[in-house]
Structures are given as C-alpha cells and as structure tokens.
Number of protein chains: 2
Amino acid sequence: MPNNPVLVAMDLEGVFVPEIWIAVAEATGIPELRLTTRDVNDYDQLMRGRLAILRRHGLTLADIQRVIGTLSPLPGAVEFVAGLRARFPFIILSDTYYEFAGPLMAKLGSPTLFCNSLETDPAGNVVDYHLRIRDGKFHSVNAFRALNFTVVAAGDSYNDTTMLGAAHFGILFRPSDKVRQEFPQFPVAEDYATLDRLITEFVAGQNAPR
Amino acid sequence: MPNNPVLVAMDLEGVFVPEIWIAVAEATGIPELRLTTRDVNDYDQLMRGRLAILRRHGLTLADIQRVIGTLSPLPGAVEFVAGLRARFPFIILSDTYYEFAGPLMAKLGSPTLFCNSLETDPAGNVVDYHLRIRDGKFHSVNAFRALNFTVVAAGDSYNDTTMLGAAHFGILFRPSDKVRQEFPQFPVAEDYATLDRLITEFVAGQNAPR
C-alpha cells in the first residue's frame, strides 16, 4: 500500500518574492511602511497603520500595484517553482493580498495562491483589509491532510510555524536566527537546491518499502 | 463588506483534455479499454478489469504514459486555463491518476491537480489503484468552502455533479443529453467563451453593491 500523494505548500514573501511592504517602503520613500509584525505585535493595528499611511500620502491601490509591478521574484524562484509544479500539486499559502500579489504571481507562472483581500473605495483608496480566515496557512494544511494528502510545507517566519507544525514535513527557508533557534524541530534550507534535496529525500523515504 | 475570494475548481477529462482511457483504447487498438462508468457501474470492477486487460496485453505504465504523451489538450484549453489562473486560484479536481495525467498537465502549464495514484510493481506493471479519498471532488469543494472561498466549479459528467452541487456556482461543460436533463439546475456551457462569460457574470454579481 503506497502512501498518499505529496502536496507541497509554501509561503510567498521571503521564499519566492521580496517582502512586499518593505519593497513598497523603499520604492515610495516612506520608511514607516517598513514596520512589520516584528515591530508591531498586533496585526490589525499594523494594517490599520499601513492603510492610514497610504491615505495620508495619497497612495491608491493602483500606485502600490505599480510599485509591486517593478519587483521581481527572488533569483532562481521561477525555475524552482516550475520544477515543483511539474512533480507535485503545489499551493502558495500567504498572508498577503490578491490585489498586491497579482503582478508577482504572473512572473512566477501563476501558481495557485491562497491569501486575503483588500477593499477599495470608488476612488481606488485601500479602505479595509479582509483576512479570509484566521491562521489560514494552518487551516489550509489541515484541510489538505483531511483530503488525504501528505503535506510538505516551507516558510521563513513566525507566521509559517503553525503550518510547518501541521504538515507531515515542515522546512524553514532562510529563517532569522531567532526563528531558527526557537523552532529547532524544523530542518533549515538556505537555498532552493537544499530545499529541493530535503523534499526529494522526504518523498523517497515515504515511497521506500517498509 | 466584500465577498470571499473566488476559487475555481474544474474537472480535467472532457473539459481540458480527451477522455484518457478512450484515447488509450484507440491508440492501443484494445476496444475493451473503451468501457467507462456508463458501461460498468461499479468503479472498482471497472478499474480491476482495466488493470487485467493491461496485464494481459503486457502493457506497462511506461507504455500507457507513452500513449498519453501523444495526446494534446482540447483546442483552446491551454489559453483558457492560463486566463483562469491569472484571475483566480485554480485547482483541477479529477478522478484520474497522477501517473497518467503528468504529460497532459505539463502541456496545460502544470496547474494544481488533486487526483489519485497508481501502484506499480518493480517491472512497471500497474498492479493496483488508490483513490485518495472517496468522492474527492465533493470533499475538496467543501474544504475550499470551509477555508472561506467562494467556489465556482465546472465539469462534464455524473461524477462531477456532487461537486457542482457543493459549489456556490456549478456549471456543466459539454454534458451528455442525459446529464443535462437530469441536472437542470446547472447552467450549461458548450465552449470556453461561454464558460468564461458565466464565471465573469457570477463574479460581477458577487461584487455588486447590495
């Protein structure tokens, strides 16, 4: 009796593309947009602050999308994603927003993305954000498990660790020292070749006769 | 408050690619392989019969894959799939097998596929099949709903109707007259342009102010 098929679920920002808010902060020259959940613990407070900053600077969704349109996937990401998709059902689980991710996803070859939505007013200002589901990465991995997939997951930061824990095999990709030390149970990959090797070894172990 | 993001789930055979077993029957000249669930009600009996036929004719998995490798997606399917993936998270839900679908999925641009697995012996003979989960299409749609997606589903035959019923919006694509008459609750599309229009209208209705 062989194992269930493997499904690969991975984070987006920091794994395949740059951190979007940091890139927007740099491109717009608005340093306050660099704040992340490492600086402001409460995500709602952080997002409301970001939306207020955009409003104050008169930046619409189209302005932000223009900035994001200038970004590129990380070096090697396009080829690595293509290789994964040729071998496994592959889904990107992200806390970002469809309205932001669009241009970058196109450059990645339009893989399947589960994330969140922004709300705009008729003038194109971002007036609100809507999390599709709380701790969506974790719940998605559990849903794939319930559909009898063997789930391999990879991500780079705190908000990925519940999904790594829920997966059959979780991998940290380029984590901060703090995350690496706090979650020693997850193997670490610093490049796509290592990530690929860890996945290939896991799958080979799954398929080995027992 | 906007609606949840739309996820599109579609069947594979008859929608984007030819019926695989029928194509294999034609390419190998083994007419008994044309039998489908329309002829043999019991899927397990049907599959065991197919595997016995392959064995009798000495056809290995590699032989079948070679035949499937000569097939092409239906005309227009590649462009239609690319267009859907640029707009929505998109997942193909199929009762086929990863080992069969591979070459055709590559031609479709490697969309995410949820399906089943075949078991081979060391000589490459197909010795068993493993359904990942019973009524997998239906359970997948329900899982996407539980993750707070608005689900649009399309398929062509009986084994799609439970997923069409589970979706927020279900569409029959090129159904047989029998299926069409038995399931009048689902709108019908005979081509990709109509399927696209039905989806676009549904999404517009979702986003309209109420």
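The figures follow:
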item	result
With Cα atoms, 0 to 90° folded angle of helix B:43-56 axis to chain B main axis	40
Coil-residue trypsin sites (Lys or Arg not before Pro) of the stretch B:1-63, DSSP, other Cβ within 10 Å capped at 12	B:Arg38
Between the stretch A:128-156 and the stretch A:43-102, the alpha-carbon center distance in angstrom	18
For the protein assembly as shown, calculated [θ]222 nm from helices alone, where every DSSP H run of n ≥ 4 adds -39500 (n - 2.57)	-13500 deg cm²/dmol
Rounded accessible area of A:Thr37 (nearest 10 Å², 1.4 Å probe)	70
Teacher prompt: A:Pro187 distances to equivalent labels in other copies, 7 Å Cα→Cβ, nm	4.8
Cα-centre dipole for the protein assembly as shown with unit charges at Cβ (Lys and Arg positive, Asp and Glu negative), debye to 20	140
Around A:Ala106: net Lys/Arg minus Asp/Glu count, Cβ-Cβ under 13 Å	+3
Rg to Rh, two decimals, where chain B supplies the alpha carbon set and Rh follows Kirkwood	0.99
Cβ-defined net charge surrounding A:Ile91, 12 Å radius [Lys, Arg +1; Asp, Glu -1]	+1
Scattering curve values for the protein assembly as shown, log₁₀ I(q)/I(0), Debye with Cα scatterers, q = 0.07, 0.14 Å⁻¹	-0.36, -1.34
Shape call, the stretch B:1-83: gyration tensor on alpha carbons, a/c limit 1.5	prolate
With Cα atoms, 0 to 90° folded angle of helix B:192-207 axis to chain B main axis	40
Neighbouring partner chain Cβ atoms per residue of A:108-118, average, 10 Å criterion	5
Cα-centred dipole magnitude for the stretch A:133-210, charges only on beta-carbon of K, R (+1) and D, E (-1), debye, nearest 20	280
Cross-link partners of B:Lys178 among aspartates and glutamates (Cα-Cα below 20 Å; sequence separation of 8 or more within a chain)	B:Asp11, B:Glu13, B:Glu19, B:Asp39, B:Asp42, B:Asp156, B:Asp160, B:Glu190, B:Asp191
Label distances, nm, A:Thr28 versus same residue in remaining copies, Cβ-directed 7 Å point	6.0
Fraction in percent of alpha-carbon pairs per bin - 10 Å, the stretch B:156-201	29, 59, 12
Gain on full stretching of the segment that runs from B:Arg56 to B:Ser72 - 0.36 nm per residue minus C-alpha separation	3.0 nm
Whole-number percent relative contact order across chain A, with pairs defined as alpha carbons under 8 Å at least 6 apart	23
Residue-normalised accessible area of the stretch B:12-79, expressed per residue, 1.4 Å probe, Å²	51
Dipole moment magnitude, nearest 20 debye, chain B about Cα centre, only Lys, Arg, Asp, Glu C-beta charged	420
Overall form of the stretch A:58-117 per C-alpha gyration tensor (a/c, 1.5; a/b vs b/c)	oblate
Pairwise burial B:A, computed as accessible area of each alone minus the pair, summed, 1.4 Å, Å²	2300
Per-copy distances of the A:Ala106 label point, shortest first, in nm (7 angstrom along Cα→Cβ)	2.8
Among A:Glu99, A:Glu32, A:Glu13, residue whose mean-square fluctuation peaks in a GNM of chain A (springs only between Cα atoms under 10 Å)	A:Glu32
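The values are calculated or read from the model by the stated rules, or taken from the named source; none is laboratory data. Only a predicted model underlies this, so the values are computations on that prediction, with no experimental measurement involved. Cβ sites come from the backbone with ideal geometry, for glycine too, and all protein chains shown count toward neighbours. For the accessible areas, the whole protein counts, side chains as well, though only heavy atoms, and no ligand, DNA or RNA atoms are used. Shrake-Rupley method; radii C 1.70, N 1.55, O 1.52, S 1.80 Å.
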